[in-house]
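The structure under discussion appears below in the form of structure tokens.
The values are calculated or read from the model by the stated rules, or taken from the named source; none is laboratory data. Predicted, not measured: the structure shown is a model, and the values here were computed from it. No Cβ is skipped: glycine too gets one built from the backbone with ideal geometry, and neighbour counts run over all protein chains shown.
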Amino acid sequence: MAQAESHAVQLEGIRFAYPGADRPLLEDLDLTLARGELAAVLGPSGVGKSTLLNLVAGLAVPEVGRVTVLGTEVTALDESAAARWRRAHLGFVFQQFHLLPYLTVAENVALPLALQGERWEDEGVRSFLGRLGLAEQADAYPRHLSGGQAQRTAIARALIHRPPVLLADELTGNLDEETAVAVMDLLVEAVEELCTTTLVVTHAPEVAARVHTRYRLAHHRLHREP
Ligand SMILES: Nc1ncnc2c1ncn2[C@@H]1O[C@H](COP(=O)(O)OP(=O)(O)OP(=O)(O)O)[C@@H](O)[C@H]1O
């Protein structure tokens, strides 16, 4: 248990290959994140950064190795147990946002609360949207949002239920510099206030500069950067 207490995320000896690939995408990959650690994964396109996030979330299953998050061995859960576990413990900002087109911004953002059967105040959701500069878009549908607004909606949805672990793929990819800084402020605040363990995939120097630890994904595994 001591290990589960100190390590929020632990990947051990991971080997992962997509079906039909002639060699593994990830091999002998290890990663340990402490509670409240804010870490970035860097690396060129196609090295497996998104796949790594999916492994932490239990959305991809390694051929070999173990993924443990907050003391739960994610690799040992069946699909429906993994889905329940994700809802309660994870926030995930996907590269393509995955907003539901028939729900408004406020409804999309409230979704993690609804899925957990939590009661929520519409006002609370709106004030959270305001912190991300989305007050005026609360009743808009995703098709009317700019790329940056859609991304901020995805970020709000990932953080609204205050998950202990946040995974974000290209957190600030579609944002102008000012909004990217505001999003990073919010993230750093969440990490400090709520001890949110966070793993972000990024190419953005303004993100990489503000994390606690940086890893480069290269040659199938992670390398700690200075
Ligand atoms: N579902 C899949 N089936 C087969 N191959 C896949 C699948 N998803 C990704 N790949 C391949 O695995 C490799 C790694 O993909 P991944 O998306 O993890 O990389 P990435 O480092 O996140 O790239 P980017 O920075 O462009 O998002 C790529 O060569 C990709 O084509």
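So the values come out like this:
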| item | result |
| --- | --- |
| Residue count, the stretch 87-105 (criterion: surrounded by 21 or more Cβ atoms within 10 Å (Cβ to Cβ) and part of a helix (DSSP H, G or I)) | 1 |
| Test result for V9, within 16 Å of the ligand (Cβ to nearest atom), of a type in the set (V, I, T) and either under 21 Å from V200 (Cβ atoms) or modelled with pLDDT of 95 or more (or both) | no |
| Which numbered condition V64 misses (of (1) surrounded by fewer than 17 Cβ atoms within 10 Å (Cβ to Cβ); (2) among the aliphatic types (A, V, I, L, M); (3) under 24 Å from A158 (Cα atoms)) | (3) |
| Residue within the stretch 194-217 that is within 18 Å of the chain's Cα centre (by Cα), farther than 25 Å from L55 by Cα and charged (D, E, K, R) present | yes |
| Any chance A168 is modelled with pLDDT of 90 or more, within 16 Å of the ligand (Cβ to nearest atom) and either outside any loop (DSSP other than H, G, I, E, B) or crowded, with 16+ Cβ neighbours inside 10 Å (or both) | yes |
| Selection from the stretch 144-165 of residues that are outside any loop (DSSP other than H, G, I, E, B) and of a type in the set (G, A, S) | G147, G148, A150, A154, A156, A158 |
| Top-ranked residue of the stretch 189-213 - restricted to ones that are surrounded by 16 or more Cβ atoms within 10 Å (Cβ to Cβ) and under 26 Å from R23 (Cα atoms), ranked as nearest to the ligand (Cβ to nearest atom) | V201 |
| Among (1) free of Cβ contacts under 8 Å to residues at least 12 places away in the same chain; (2) under 25 Å from R84 (Cα atoms), the one test that H144 misses | (2) |
| Filter pass, R66 being basic (K, R), more than 16 Å from the ligand (Cβ to nearest atom), touching a Gly at 6+ places or on another chain (Cβ under 9 Å) and closer than 17 Å to L166 by Cα | no |
| Tally, over the stretch 214-226, of residues that are surrounded by 15 or more Cβ atoms within 10 Å (Cβ to Cβ) and more than 20 Å from F92 (Cβ to Cβ) | 4 |
| When residues of the stretch 114-126 are limited to those that are modelled with pLDDT under 90 and assigned to a helix (DSSP H, G or I), the one surrounded by the most Cβ atoms within 10 Å (Cβ to Cβ) | L115 |
| Filter pass, A21 being hydrophobic (A, V, I, L, M, F, W, C) and more than 19 Å from the chain's Cα centre (by Cα) | yes |
| Which numbered condition M1 misses (of (1) at pLDDT 95 or above; (2) exposed (fewer than 14 other Cβ atoms within 10 Å of the Cβ); (3) more than 16 Å from the ligand (Cβ to nearest atom)) | (1) |
| Matching residues in the stretch 26-46 - criterion: being under 18 Å from the mean Cα position of the chain (by Cα), within 12 Å of the ligand (Cβ to nearest atom) and aliphatic (A, V, I, L, M) | V41, L42 |
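Here's the yes/no breakdown for (1) assigned to a loop (DSSP other than H, G, I, E, B); (2) out of contact with any Gly (no Cβ under 7 Å at 6 or more places or on another chain); (3) surrounded by fewer than 22 Cβ atoms within 10 Å (Cβ to Cβ):
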{"residue": "V9", "(1), (2), (3)": "no, yes, no"}
{"residue": "G13", "(1), (2), (3)": "no, no, yes"}
{"residue": "P19", "(1), (2), (3)": "yes, yes, yes"}
{"residue": "D22", "(1), (2), (3)": "yes, yes, yes"}
{"residue": "L29", "(1), (2), (3)": "no, yes, no"}
{"residue": "A39", "(1), (2), (3)": "no, yes, yes"}
{"residue": "G46", "(1), (2), (3)": "yes, yes, yes"}
{"residue": "S50", "(1), (2), (3)": "no, yes, yes"}
{"residue": "N54", "(1), (2), (3)": "no, yes, yes"}
